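The values are calculated or read from the model by the stated rules, or taken from the named source; none is laboratory data. Keep in mind the model is a prediction, meaning the values are calculated, not measured. Cβ placement follows ideal geometry from the backbone for every residue including glycine, while neighbour counts extend to all protein chains displayed. Side chains are part of the model used for accessible areas, which takes the heavy atoms of the whole protein and leaves out ligands, DNA and RNA. Shrake-Rupley method; radii C 1.70, N 1.55, O 1.52, S 1.80 Å.
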Amino acid sequence: TFDCAWGADDIPEILDILDKNNAKATFFVVGLWAEKYPDMVKLMASKGHDVSNHGFAHLHCGQISEEKIEEEILLCDKIIEKLTGRSNRLFRCPYGEYDSKTVETARKLGFTTIQWDVDSLDWKKSMSKKDIYERVIKKVTPGSVILFHNDTQYTVEILPDILNNLISNGYECLKVSDLL
């Protein structure tokens, strides 16, 4: 999975890498990001990837009301549906911060809340390419959901090596919707 909340220059390259490895991904997009980069959202969807909900403004869900959580989910969903022609009922809480109120609110709206079990930490400036690679490869097990981000220092560079290792070890890279 990829969380998309900042720039978008690397999206075409990430999509090409995924295509070359016959891998599918789920992109959790922030609504404001999707509004800023509609062509990238459309490109993700056209290549058969999930475009899923990461809230409208990337707010800390534990610090906002149930009504605001609902607004965040519904606004982002509306944008995704407008751009892709379909609604994807997966929601990832910004910052991975969630509580029962957040999960229950998402469920009430028909969304499944998705976390991860392998965090690449690719967003951390202190992480080297080797650190990211080893962290992911050592932690992946069957059914793992890996967290990457776009617009980071090394994700595009290290992604081919990670995919090559996983695929050569018998893993198939699926969208979360297919994994479920």
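Remarks
- Here the stretch 49-131 is treated as an ellipsoid with the same Cα gyration tensor; its semi-axes, largest first and in whole Å, are 24, 17, 11.
- Apportionment of accessible area to carbon and sulfur, the chain, percent (1.4 Å): 48 percent
- Projected label distance in nm at His60 and Asp9, using a 7 Å step from Cα toward the beta-carbon: 3.0 nm
- For the pair Glu81 and Lys42, the difference between a 0.36 nm per residue extended length and the Cα-Cα distance amounts to 13.0 nm.
- At q = 0.08, 0.13, 0.17 Å⁻¹, base-10 log of I(q)/I(0) for the chain (Debye sum, equal scatterers on each alpha carbon): -0.23, -0.61, -1.06
- Mean residue ellipticity (222 nm) of the chain, computed from DSSP H runs ≥ 4 via -39,500 (n - 2.57), nearest 500: -13500 deg cm²/dmol
- For the stretch 128-180: accessible area per residue (Å², 1.4 Å): 55 Å²
- Taking 0.36 nm per residue of separation and subtracting the current Cα-Cα distance, fully stretching the chain between Glu134 and Leu180 would add 13.9 nm.
- Highest average first, the peptides 103-111, 23-31 ordered by how many other beta carbon atoms sit within 10 Å of their residues are 23-31, 103-111.
- Using alpha-carbon coordinates, inclination of helix 129-139 to the longest axis of the chain, degrees: 80 degrees
- Averaged per residue, the stretch 30-103 has 47 square angstrom of accessible surface, using a 1.4 angstrom probe with ligands and nucleic acids left out.
- Average Cα contact separation per residue, the chain, under 8 Å, 6 or more apart, as relative contact order %: 26 percent
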